[in-house]
Amino acid sequence: MQILKHWRLERGAAAQNNLAWLYFDKSFADQSESTNTFSSEALRELSAVCAELKTNAPSKISGLVILSAKENGFAAGADIDEFTSFKSADEAYAMTVLGNEVFDQIAALPFPTLAMIHGFCMGGGTELALACRYRIMDDGAKTKMALPEVMIGIVPGWGGAKRMPALIGAMQALDLMLTGRGVDARKAKLMGLVDVVTPRRHFINAAKQFLLKAPAPHQPAFKDAVTNWPIIRGIVANASRKQVAKRARKDHYPAPYAIIDLWEKFGGDPRNVPRENPASQYSLYSHPTTANLVRIFKLQSRLKALGAGDSGVKHVHVIGAGVMGGDIAAWCALRGLKVTLQDLDYARIAPAIKRAAEMFKKRLKLPHLVQAAMDRLMPDVKGDGVAHCDLVIEAIVENADIKKKLYAQIEPRMKLDAILASNTSSIPLQELSGGLARPERLVGIHFFNPVAQMMLVEIVESPQTSADVMKRAQAFVKKIDKLPLPVKSAPGFLVNRILTPYMTEAQIMLESGIPAETIDAAAKEFGMPMGPIELADVVGLDVGLAVGTELHKAGNPQPKKIQELVAAKKLGKKSGEGFYKWINGKPQKTDASSSVSTIDLAPLWMRMTLPAVNEAVACVREGIVADVDLCDAGVIFGTGFAPHRGGPINYLRASGKEKLLAEMKALEQAHGPRFKADAGWDNI
């Protein structure tokens, strides 16, 4: 057998029950890789191992255990760098065929096979595990299984769409494949994805005991098995299409529809799909959405890398127990940090503690884990935590003078190496640092609402912020499983500065008589996850007004309606009424929404989105972020900007600069100088 670079095969003697142990350890010889991913080379090596075991060792082996030698997980899926280097759809298809053939070899081995899963098990890693006869999973909090290919615009192409429905039923399998959602060990065992759950330290003994008395392979319960029957298959597929249609348009996101077709019509095997079919690898690889979603995946990895290193933060003190401050405190406690939460009295802190308890129960499930998280979150009316914490996060009212008064009170009490951070959404740090004895330790750590769902956190650097504080702040954000984006301190920073012209234009359109429902529908047709009028209500009209007022200093118009609503304390979803009335957490939309299908919405979404694109160009020109890619990443992860379009600058380039400039010129003539193209367009 050839010399292996990515796999280590160890064969046990008769005294060890003749088990073979195959370790996935990518590039173990030179230790150049810390994560297992499937390159074509790694797949070919696995094929060679299978051929050797099948030909020369079946009588000497009683079972094969496949496990990872990497600490962080089983396998992260296909090698994304190799995937993005393909020069044609033919190369992508060849990789699909190779993965299927190799995993078919695993499934056909003449002795029991067992996958031992710890850490992340994604995409191809899950498909390898599914090709084994049995699966044992670590019970650790970070262990997850998923088929997330839909997130990069493709389908589970190495047998996942075939084996997972057969193992756990089509309804459960389609739900995982269509969302890309990961499941932990407890959920995986409940679904039937894995046979045994045990701590990783018991893996070796568990494998021996399990294979010595290998049970019959798992079979789905009758209610799950029937979903694969030919007579039921069409019903399940149509129901799944209806669910997908509520979330994604087929022309924007073809992959989820392709997954359903792949399972329903082609047995889950992409090798059976005709080249010209929309569900084929050729069609998906050639679709612009795939390239944009892969780009976003790589941008996410880049943001994670910006958080490398040790923050030194173990204790966080949050001042301000409102929705933002309370949820920031809860998230930090969820992620294992000690947190003290300060406000004027316990009555103001109590709602935040209640919301935290609900989140912990939903996410952690097990009572002892929930209690541990609650123990880490401590009310602190007196602010005693200021003197002991490593990081203070101020999340009070968006008013520079009030913030500065608070800083004057707490700075003398802080540890010398503690960081002072503001969650301000728009105020430049230069306006907040006056009076500080050590302005170099003031940094912006700007979360987005809702904290538990929004991945991006802006790390705002003023001219005085030290490089060490910036680095530690970024590492802190990575530590709590968020994406850090370093930005320069200027009004609105990056995300709110780009979002505000879009939101403002939508409100100007509303005041001109265009129904809110029509405006929101136009934005969703462009690809936004939520319309701007509904979004304004969700964020809070008071927050939107504060950001708009800050940016109004730069000449942006401020619509009257939002000012009137805030004055009347109609703040949106949180107060039950804003632009919409809200009942049971849902906006009450009028009959105008039913006539939207008869309207050409393109001129409306063009009018809303071009101001955001123009502001993105200005941010790049001014160096608010380091480059175009980080600008697009910030807007996508901070606002949900139409992911299939790849961000505002990517959208500009794909649509054609001259075409969009002509649109800008026409809008400027019709509506005024707010549509004047920024000077930065010349360099895009």
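A few notes on this one:
- Those strands (runs of 3 or more DSSP E) of the stretch 1-111 in which 3 or more residues are within 21 Å of Pro148 (Cα to Cα) and within 36 Å of the chain's Cα centre (by Cα) occupy 73-75.
- The set of residues from the stretch 143-161 being more than 27 Å from Arg645 (Cα to Cα) and open to solvent by less than 10 Å² (accessible area, probe 1.4 Å) comprises Thr143, Met145, Gly159, Gly160.
- No other residue among Val620, Val596 is at pLDDT below 95 and assigned to a helix (DSSP H, G or I) apart from Val596.
- Test: residue in the stretch 403-420 that is within 28 Å of Leu494 (Cβ to Cβ) and free of Cβ contacts under 8 Å to residues at least 12 places away in the same chain: yes
- Annotation note: of Asp195, Asp184, the sole residue that is closer than 18 Å to Gly73 by Cα, in contact with a strand residue (DSSP E or B) (Cβ under 8 Å, 6 or more places away or on another chain), surrounded by 17 or more Cβ atoms within 10 Å (Cβ to Cβ) and acidic (Asp, Glu) is Asp184.
- The stretch 431-470: number of residues that are polar (S, T, N, Q) and open to solvent by less than 20 Å² (accessible area, probe 1.4 Å): 3
- All of Ile498, Ile480 fail the test of being within 13 Å of Gly548 (Cα to Cα) and either in contact with a helix residue (DSSP H, G or I) (Cβ under 9 Å, 6 or more places away or on another chain) or without any contact (Cβ under 8 Å) to a residue 60 or more places away in the chain (or both), apart from Ile498.
- Selection from the stretch 133-142 of residues that are under 27 Å from Glu101 (Cα atoms) and surrounded by fewer than 23 Cβ atoms within 10 Å (Cβ to Cβ): Arg133, Tyr134
- Residue under evaluation Tyr285, criteria (1) open to solvent by 10 Å² or more (accessible area, probe 1.4 Å); (2) aromatic (Phe, Trp, Tyr); (3) at pLDDT 95 or above, criterion not met: (3)
- Single condition Val339 does not satisfy, out of (1) in a strand (DSSP E or B); (2) of a type outside the set (D, E, K, R); (3) more than 30 Å from Pro491 (Cα to Cα): (3)
- Scan of the stretch 626-641 for residues that are crowded, with 23+ Cβ neighbours inside 10 Å and either touching a Phe, Trp or Tyr at 6+ places or on another chain (Cβ under 7 Å) or assigned to a helix (DSSP H, G or I) (or both), ordered by number: Cys631, Asp632, Ala633, Gly634, Val635, Ile636, Phe637, Gly638, Thr639
- So Gly123, is it at pLDDT 95 or above and within 16 Å of Gly268 (Cα to Cα): yes
- Extreme residue, farthest from the chain's Cα centre (by Cα), among residues of the stretch 481-490 that are buried (at least 21 other Cβ atoms within 10 Å of the Cβ) and assigned to a loop (DSSP other than H, G, I, E, B): Ser489
- Yes/no for Gly99 being within 20 Å of Phe297 (Cα to Cα), open to solvent by less than 20 Å² (accessible area, probe 1.4 Å), touching a strand residue (DSSP E or B) at 6+ places or on another chain (Cβ under 9 Å) and in the same structural domain as Arg133 (by TED's automatic domain parsing): no
- Of the residues making up the stretch 318-336, those that are assigned to a helix (DSSP H, G or I) and either of a type in the set (A, V, I, L, M) or open to solvent by 40 Å² or more (accessible area, probe 1.4 Å) (or both) are Val323, Met324, Ile328, Ala329, Ala330, Ala333, Leu334.
- Where Leu652 falls short, out of the listed (1) more than 30 Å from Met454 (Cβ to Cβ); (2) surrounded by 12 or more Cβ atoms within 10 Å (Cβ to Cβ); (3) under 32 Å from the mean Cα position of the chain (by Cα): (1)
- Within the stretch 344-357, one or more residues are loosely packed, with under 14 Cβ neighbours inside 10 Å and in a loop (DSSP other than H, G, I, E, B).
- Conditions (1) touching a strand residue (DSSP E or B) at 6+ places or on another chain (Cβ under 7 Å); (2) more than 21 Å from Val397 (Cβ to Cβ); (3) open to solvent by 50 Å² or more (accessible area, probe 1.4 Å): number failed by His315: (3)
- Count - residues of the stretch 242-268 that are among the basic types (Lys, Arg) and surrounded by 15 or more Cβ atoms within 10 Å (Cβ to Cβ): 1
- Residues that are aliphatic (A, V, I, L, M) and open to solvent by 30 Å² or more (accessible area, probe 1.4 Å) were ranked within the stretch 547-575; the one that is modelled with the lowest pLDDT is Ala554.
- Filtered by the rule that a residue be open to solvent by less than 30 Å² (accessible area, probe 1.4 Å) and either more than 15 Å from Ala255 (Cβ to Cβ) or within 15 Å of the chain's Cα centre (by Cα) (or both), the stretch 162-177 gives Met164, Pro165, Leu167, Ile168, Gly169, Ala170, Ala173.
- Lone unmet requirement of (1) surrounded by 23 or more Cβ atoms within 10 Å (Cβ to Cβ); (2) out of contact with any helix residue (DSSP H, G or I) (no Cβ under 7 Å at 6 or more places or on another chain) for Gly544: (2)
The values are calculated or read from the model by the stated rules, or taken from the named source; none is laboratory data. Here the structure is a predicted model, which is why all the values come from computation and not from measurement. Cβ sites come from the backbone with ideal geometry, for glycine too, and all protein chains shown count toward neighbours. Quick note on the areas: whole protein, heavy atoms, side chains included, nothing else; ligands and nucleic acids left out. Shrake-Rupley method; radii C 1.70, N 1.55, O 1.52, S 1.80 Å.
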